[in-house]
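Written out below as structure tokens is the structure these notes cover.
Every number in this text was worked out from the coordinates using simple rules, so none of it is lab data. Given the structure is predicted, the values throughout are model-derived calculations rather than measurements. For neighbour counting, all protein chains shown are included, and Cβ atoms are generated from backbone atoms with ideal geometry for every residue, glycine included.
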Amino acid sequence: DTGVSQDPRHKITKRGQNVTFRCDPISEHNRLYWYRQTLGQGPEFLTYFQNEAQLEKSRLLSDRFSAERPKGSFSTLEIQRTEQGDSAMYLCASSLSTSDSYEQYFGPGTRLTVT
Amino acid sequence: GENVEQHPSTLSVQEGDSAVIKCTYSDSASNYFPWYKQELGKGPQLIIDIRSNVGEKKDQRIAVTLNKTAKHFSLHITETQPEDSAVYFCAASNRATGFQKLVFGTGTRLLVSP
């Protein structure tokens, strides 16, 4: 399968614990995005990387959230001291940065439940 | 910032009928408008997109139209099939800053009854 993959698919954690999610983009894609989706809503942008550089972060990304893409390939999203409001689907997408390519392709998501 | 509104929130049709979902956007600088289909427990799947220099685009049973003056765009599905049942999201983005941040609508749940 050459699509975007995410791991784990589901995560249940207790409030106050730290969690980390991983995203593997489509192999030749140099842009990687994180979005959050709550029930009944569309995805909301969190942050974006071009290669290993994190170029923009949404105000939704509080200081408890940190994302990395150390070698410009896979990315991790860590949430520290989780809160019940963090419960959501965390989606990763990737795209190819060219002047003629706009398409973002999403992975299956990681569903986080904070109890 | 950009705001995207989507209607209706739910749409029920009989198999074989057409379905139309409409979106409006607020930022006149938006220039890329993709549509995604999301099935239960899965990530959004890109089904069609349109750019600001085009008024209409078709791909088999699906088509998208764009009216830049009115700042709205629509998804048209003809000859609907039960497997078209899913949540559909429209989105908009502005490449002016050199990066693609998608702003999504709130989704339309389409139910196609056999």
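Quick look at the numbers
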item	result
Other-chain or far-sequence residues with amide H under 5 Å of B:ILE48's (modelled H)	B:TRP35
Sequence-distant residues sharing a close amide H with A:ALA88 (under 5 Å, placed H)	A:LEU112
Cβ neighbours within 10 Å from other chains - mean over A:43-51	3
For the stretch A:43-115, with +1 on Lys and Arg beta carbons and -1 on Asp and Glu, the positive-most of A:ALA67, A:ASN51, A:SER94 along the dipole	A:ALA67
Signed unit charges on C-beta, dipole axis of chain B, positive-most listed residue B:SER30, B:ILE48, B:THR108	B:SER30
Spread of Cα-to-Cα distances over 10 Å intervals beginning at zero, given as percent, for the protein assembly as shown	8, 33, 35, 20, 5, 0
Straight-distance crosslink candidates among lysines, where the alpha carbon sits under 27 Å from A:LYS11 and sequence neighbours closer than 8 are dropped	A:LYS57, A:LYS71, B:LYS37, B:LYS42, B:LYS101
Average beta carbon contacts from partner chains per residue of A:4-15, 10 Å cutoff	0
Residue-by-residue Karplus 3J(HN,Hα) for the stretch A:32-38, coefficients 6.51, -1.76, 1.60, Hz, glycine and proline x	9, 10, 10, 10, 10, 10, 9
Assigned charges on the beta-carbon of Lys, Arg, Asp, Glu; the stretch B:1-51 dipole about Cα centre (debye)	100 debye
Label-point separation, B:ALA29 to A:SER5 (7 Å along Cα→Cβ), nm	3.9 nm
Gained length - B:ARG95 relative to B:LEU40, 0.36 nm times residue gap less alpha-carbon distance	16.8 nm
Residue-wise HN-Hα coupling along the stretch A:4-16, computed from phi with Karplus coefficients 6.51, -1.76, 1.60 (Hz; x: Gly, Pro)	6, 10, 9, 8, x, 7, 9, 9, 10, 9, 8, 3, x
Highest average packing first - A:52-59, B:88-95, Cβ atoms within 10 Å	B:88-95, A:52-59
Average other protein chain Cβ within 10 Å of Cβ, residues A:34-42	4
Proxy reagent accessibility, fewest Cβ within 10 Å first, across B:HIS7, A:HIS29	B:HIS7, A:HIS29
Amide hydrogen neighbours beyond the local backbone of A:SER97, cut-off 5 Å, H modeled	A:ASN30, A:ARG31
Length-normalised contact order of chain A in % [C-alpha pairs under 8 Å, at least 6 apart]	36 percent
Whole-Å distance, taken between Cα centres, linking the stretch B:40-82 and the stretch A:50-91	30 Å
If the convex hull is drawn through the Cα atoms of chain B, its volume per residue in Å³	95 Å³
Karplus-derived HN-Hα couplings along the stretch A:102-114 (A = 6.51, B = -1.76, C = 1.60, θ = phi - 60°), whole Hz, x at Gly and Pro	10, 5, 10, 10, 9, x, x, x, 10, 8, 9, 10, 9
